[in-house]
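Before any comments, here is the structure.
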Amino acid sequence: MKFVISVLSPSTAPSTRRALRFAQAALAAGHEIVRVFFYQDGVLSASNNIVVAQDQQNITQQWQTFITENQLDAVVCIAAALRRGVLDQTEAQRYGREAANLAEGYQLSGLGQLHDGLQQAERFISFGGE
Amino acid sequence: MTTLHILNASPSTATQLKSCLRVVSSGDGIVLCGEAVQALRAGSVAAQQLQACERGYRLYALQEDVQARGIDTATMPVTLLDYPAFVALCVDYARVNSWT
Amino acid sequence: MAKSVLLISRQAPWAGIAAAEALDIALAAGAFDLPLSILFMDDGVLQLLDQQQPLALEQKDLSANLQALPMFGIEQLYVAQHCLTERGLAESPLAIAAERLDDQQIQQLIRAHDYVVTL
């Protein structure tokens with residue numbers, strides 16, 4: 001089965017960890033993840049600026065590792081990202097901001113990528129709220 | 001073609017459960033995860049709402065959330081899921097409706 | 001044949017940007033000519049009301065985006081009747097034309113779409 005998975009909350013939310021465990025189980029079962037789409041507060045989960053205490057699970061890092069190791073298409077909605085302060089190099093330069101903080105392995109793009117993913121896939125599941 | 005509804009908010013503070021129970025179709029599934037597993041507490045208003053729904057749906061809950069909260073599900077007609085089972089369920093139902 | 005999406009919008013227009021970000025999903029579908037319907041439910045029904053004054057909160061008017069929907073080809077708009085009634089709005093005029101649905105009709109609406117996106 002082809003999945004599109006959407007993450008709508010920051011890494012501190014239980015739902016973002018839940019999304020990761022679900023995605024890991026989906027791949028382990030042999031399913032395909034067409035795209036992981038980060039929207040609303042989920043764009044914050046794609047920041048490379050997050051520092052997690054030693055005695056806690058680093059869900060941000062785990063998501064990034066999962067995406068890069070499995071070469072997944074991780075798209076972060078650009079409009080949602082800009083208004084929450086998650087920028088890549090291009091956008092940081094365009095708007096004269098000091099830092100680009102989009103984590104490696106993620107791309108900024110539009111909502112069209114969500115729809116494109118849905119047209120290719122067979123199942124959509126999103127993880128938001130807490 | 002059936003729908004798997006996913007609820008994650010507390011039944012005391014959010015309207016997810018009440019609204020979902022209005023629009024769930026016969027044959028659908030409901031997965032409780034996160035704070036939504038509070039609805040499994042026997043004798044609670046939310047548990048009564050789950051049981052009062054006339055349409056036949058199948059009830060599931062994420063095992064880790066039930067366990068973390070120390071909820072006894074012995075008296076509720078609920079199937080506990082690990083993540084592989086959760087994924088399999090999403091394949092079995094025709095569509096997934098994640099309530100936020 | 002393109003897969004269809006039912007967008008269920010549940011947030012009030014003035015309670016943060018969730019309502020606007022939900023609507024953006026609809027506009028994006030329209031821009032790509034994809035079949036998408038919107039169901040306004042719970043506090044989401046408040047987006048459809050007449051007589052709202054966003055300038056009082058120094059906010060952009062969401063109803064401008066709502067009115068743009070038909071131009072993007074998004075014409076299937078629905079509203080949960082019981083949610084209007086619960087909020088004392090059963091008789092209130094809606095600024096945007098949306099078909100009122102009862103619970104059974106909503107159940108059917110969900111079954112009629114390939115995907116449901118609830119925000």
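No lab work stands behind these numbers, since they all come straight from the coordinates. These numbers come from a predicted model, not from an experiment. Reconstructed Cβ throughout: ideal geometry from the backbone, glycine too, with neighbour counts over all protein chains shown.
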Residues (closer than 30 Å to B:Ala36 by Cα, outside any loop (DSSP other than H, G, I, E, B), of a type outside the set (Lys, Arg) and at the interface with another protein chain (Cβ under 8 Å from one of its Cβ atoms)) located in region A:99-130: A:Leu114, A:His115, A:Leu118, A:Phe124, A:Ile125, A:Ser126, A:Phe127
Total residues in region A:5-46, condition of a type outside the set (Phe, Trp, Tyr), away from chain B (no Cβ under 13 Å), in contact (Cβ under 8 Å) with a residue 40 or more places away in the chain and in contact with a helix residue (DSSP H, G or I) (Cβ under 7 Å, 6 or more places away or on another chain): 4
Test result for B:Ala61, under 22 Å from B:Val87 (Cα atoms), touching a residue at least 12 places away in the same chain (Cβ under 8 Å), more than 12 Å from every other protein chain (Cβ to nearest Cβ) and of a type outside the set (S, T, N, Q): yes
Flag for B:Ala61 being within 16 Å of B:Leu80 (Cα to Cα), touching a Leu at 6+ places or on another chain (Cβ under 6 Å) and small (Gly, Ala, Ser): yes
Residues being surrounded by fewer than 19 Cβ atoms within 10 Å (Cβ to Cβ) and within 9 Å of chain A (Cβ to nearest Cβ) - total across region B:72-84: 2
Residue in region A:86-98 that is hydrophobic (A, V, I, L, M, F, W, C), within 14 Å of another protein chain (Cβ to nearest Cβ) and buried (at least 22 other Cβ atoms within 10 Å of the Cβ) present: no
Qualifying helices (runs of 4 or more DSSP H) (wholly inside region A:1-93; at least 1 residues being within 25 Å of B:Pro84 (Cα to Cα)): A:14-28, A:59-69
Complete set of residues in region C:67-88 that are assigned to a loop (DSSP other than H, G, I, E, B) and more than 12 Å from chain B (Cβ to nearest Cβ): C:Gly73, C:Ile74, C:Glu75, C:Gln76, C:Gly88
Count of residues meeting criterion [facing chain A (nearest Cβ under 9 Å) and buried (at least 23 other Cβ atoms within 10 Å of the Cβ)] in region C:23-53: 2
Pair list, Cβ < 6 Å and 6+ apart or interchain, from region C:89-117 residues that are more than 14 Å from every other protein chain (Cβ to nearest Cβ) to residues that are loosely packed, with under 12 Cβ neighbours inside 10 Å: C:Pro93/C:Asp50; C:Ala95/C:Asp50
